[in-house]
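Trainee: Got a structure for you, written out below as structure tokens; questions coming shortly.
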Amino acid sequence: MTIRVLKSDPLKHSTDLLAVAVFEGEKKLRGLAAEIDKSLGGILSSLIQDEGFKGKERETLLAQTHGRIGAKRVLFVGLGKEKNFTTDSARQAAALTVKRAHEYAAKSVSFSVGKALRASAMRFNERARAITEGVLLGSYHYTTYHGQETKDEHEKRRAEEVILLAPDALSTKQIEAGIAEGQLNAEAAIFARDLVNAPASDMTPQHLVDVAKDIAGKSKRISLEVFDEKEARKRGMGAFLAVAKGSDIPPYFIHLTYKPKAKKTKKVFLVGKGITFDSGGLSLKPSKNMESMKNDMAGGAAVLAVFYKLDELQPKVEVHGVIPCTENMPSGRAVKPGDIARAMNGKTIEILNTDAEGRVALADALSFAVKEGADTIVDLATLTGSCIEALGEEVAGLFGNSRQLTKQLTTAAENAGEYVWEMPMVKEYQPLIKSKVADIKNIGDGRGAGSITAALFLKEFIGETPWAHLDIAGPAWAEKETFPSVPLGATGFGVRTLIMFLKSLR
Ligand code: BES
Ligand code: ZN
Ligand code: ZN
């Protein structure tokens, strides 16, 4: 699929499907929609009447043009009320359009990026970025394990050419830039989706190392260190290794480094939970839905996905990626409830529930980041079911020890169209994770606040470094199709937020 900009009159432009955005609750068609209607002799306005099309979000209406304008078909796409319009409205409308195009097997799809959105304050590049992301993310299908026939079927229906129609020369430049940004963002998110959708027995720690090697091997600016079990032990990573004990396959600790052109820059550490399968360990999970625990490396996948694009992105800061990779399995050698592990920063952890393994593995990853002299740490982890209880499936919990950093991430997430919500680091809950026999225990006392006590646990391994934690247990995986841009399964959540965050750093 190619996406490009063209300065052209939408009425004359030849395409299989022309998408025209329409706001909800407008008495009369306006702008391009009105012009098309006029050219078609008012068919559209009567069709809208007949079908009761309101321009609501996720609403579409198809009309054949019978050669009266350049496009074969026109698809009206509802944007919802104009006052509620955000960048994401455009992203979702674009995603919905390609889904329809897939149904009609339209090979060329065009969007008017001009007048239809004239009322919004969005600049052309932002619109173009959002539309591009919507197009690419919405047409994602995970076909790796399908036969050739299924793959071909998808290929056959996939639009070959997507064109964003620009009203003039100035906007053409801006739209071009927006397409490039959107492409980078979407390709990164899709990279993460592919990693997370793969079955756990294939997506092993070793495989994640191979992916990291591949990324580092293709770049002059990215270097890679991998610690095997022996090296991790030498470095005192007793917490990470405790989680790995029950698995028959070797754990690996990944450390990627991107060096920008400028010397003497800040060091930003991106840390991702890399549990390639979370069975719960001896505190075994129920078998229902256990298969979804292949997504427990979604944080790590997001970090790898960002590194996959860092050469192109060229952020101004030094970026580190840290991913503790292991399975969490029950076995005769597995860590037992009541065991005590010592993390790299010297703190001891009483492991009372082996299913609260993410925070234990991250204890060493965060200690490592601090020890390496991080100026900023951002971690992403499918950490707690509690966070889903609190915020539902679509919203990530955001925690941190620096208001400035959590604000930056909130803004980045808004720009990316990903929902995050800041949660309080209630210091009064700290005693809930006090242990009688070790410095800290890995589960809280009693009920409630599970995502907060998990974040408080992580904070023990941070010290004073500005740090933010995104609990992505909910939005990393889609059980329902809430957003047209997010097909079922792995979502790639967090990747675009991280990219927007890195871009915002000077
Ligand atoms: N990986 C899970 C959290 C999770 C749950 C991710 C649902 C995605 C969807 C994590 O390791 C876990 O099992 N957490 C426990 C912690 C509890 C034992 C304190 C949980 O949330 O139940
Ligand atoms: Zn677990
Ligand atoms: Zn887990």
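The values are calculated or read from the model by the stated rules, or taken from the named source; none is laboratory data. All figures in this text were calculated on a predicted structure; none of them were measured in a lab. Neighbour counts run over all protein chains shown; Cβ positions are idealised from the backbone, glycine included. Side chains are part of the model used for accessible areas, which takes the heavy atoms of the whole protein and leaves out ligands, DNA and RNA. Shrake-Rupley method; radii C 1.70, N 1.55, O 1.52, S 1.80 Å.
Trainee: Working only within segment 475-492, note down all residues that are farther than 17 Å from L380 by Cβ and among the aromatic types (F, W, Y).
Mentor: F483
Trainee: Among (1) on the phi > 0 side of the Ramachandran plot; (2) open to solvent by 80 Å² or more (accessible area, probe 1.4 Å); (3) within 13 Å of ligand 2 (Cβ to nearest atom), which single condition is K264 missing?
Mentor: That leaves (3) as the condition not met.
Trainee: Determine whether segment 382-393 contains at least one residue that is within 19 Å of N353 (Cβ to Cβ), within 16 Å of ligand 2 (Cβ to nearest atom), among the small types (G, A, S) and in a strand (DSSP E or B).
Mentor: no
Every residue, every condition in (1) outside the structural domain of F307 (by TED's automatic domain parsing); (2) on the phi > 0 side of the Ramachandran plot; (3) open to solvent by less than 10 Å² (accessible area, probe 1.4 Å); (4) touching a Pro at 6+ places or on another chain (Cβ under 7 Å), yes or no:
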{"position": "V135", "(1), (2), (3), (4)": "yes, no, yes, no"}
{"position": "T143", "(1), (2), (3), (4)": "yes, no, no, no"}
{"position": "K156", "(1), (2), (3), (4)": "yes, no, no, no"}
{"position": "E161", "(1), (2), (3), (4)": "yes, no, no, no"}
{"position": "I190", "(1), (2), (3), (4)": "yes, no, no, no"}
{"position": "T204", "(1), (2), (3), (4)": "no, no, no, no"}
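Trainee: Still on this model: Under the condition of being among the basic types (K, R) and farther than 30 Å from N415 by Cβ, which residue from segment 41-96 is surrounded by the most Cβ atoms within 10 Å (Cβ to Cβ)?
Mentor: R73
Trainee: Shifting gears a bit: Please tell me if A305 is part of a helix (DSSP H, G or I), within 16 Å of ligand 1 (Cβ to nearest atom) and either over 30 Å from V437 (Cβ atoms) or of a type in the set (S, T, Y) (or both).
Mentor: No, not satisfied.
Trainee: So C325 ticks every box in (1) surrounded by 24 or more Cβ atoms within 10 Å (Cβ to Cβ); (2) more than 27 Å from A216 (Cβ to Cβ) but one. Which box is left unticked?
Mentor: Looking at each condition in turn, C325 falls short on (2).
Trainee: Taking segment 342-366 on its own, how many of its residues are away from ligand 3 (no atom under 16 Å from the Cβ) and open to solvent by 10 Å² or more (accessible area, probe 1.4 Å)?
Mentor: 7
Trainee: Continuing with this model, one more query. Please specify each residue of segment 368-381 satisfying the condition of being open to solvent by less than 10 Å² (accessible area, probe 1.4 Å) and not acidic (D, E).
Mentor: Those that are open to solvent by less than 10 Å² (accessible area, probe 1.4 Å) and not acidic (D, E): F368, A369, I377, V378, L380, A381.
Trainee: So which of K309, K316 ends up being more than 16 Å from ligand 2 (Cβ to nearest atom), under 18 Å from the mean Cα position of the chain (by Cα) and not aliphatic (A, V, I, L, M)?
Mentor: Selected residue: K309, the only one of K309, K316 that is more than 16 Å from ligand 2 (Cβ to nearest atom), under 18 Å from the mean Cα position of the chain (by Cα) and not aliphatic (A, V, I, L, M).
Residue-wise test of (1) closer than 25 Å to E160 by Cα; (2) within 31 Å of the chain's Cα centre (by Cα); (3) assigned by TED's automatic domain parsing to the domain that holds F483.
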| site | (1), (2), (3) |
| --- | --- |
| K7 | yes, no, no |
| L40 | no, no, no |
| G55 | no, yes, no |
| R58 | yes, yes, no |
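Trainee: Yes or no: segment 351-360 includes at least one residue that is within 13 Å of ligand 1 (Cβ to nearest atom), assigned to a strand (DSSP E or B) and assigned by TED's automatic domain parsing to the domain that holds K294.
Mentor: Scanning segment 351-360 turns up at least one residue that is within 13 Å of ligand 1 (Cβ to nearest atom), assigned to a strand (DSSP E or B) and assigned by TED's automatic domain parsing to the domain that holds K294.
Trainee: Mind listing whichever residues of segment 273-296 are near ligand 1 (Cβ under 10 Å from one of its atoms), open to solvent by 40 Å² or more (accessible area, probe 1.4 Å), on the phi < 0 side of the Ramachandran plot and not aliphatic (A, V, I, L, M)?
Mentor: Scanning segment 273-296 gives a single hit, K285.
Trainee: Confirm whether A438 is assigned by TED's automatic domain parsing to the domain that holds G272 and at negative phi.
Mentor: Considered against the rule, which asks whether it is assigned by TED's automatic domain parsing to the domain that holds G272 and at negative phi, A438 comes out as yes.
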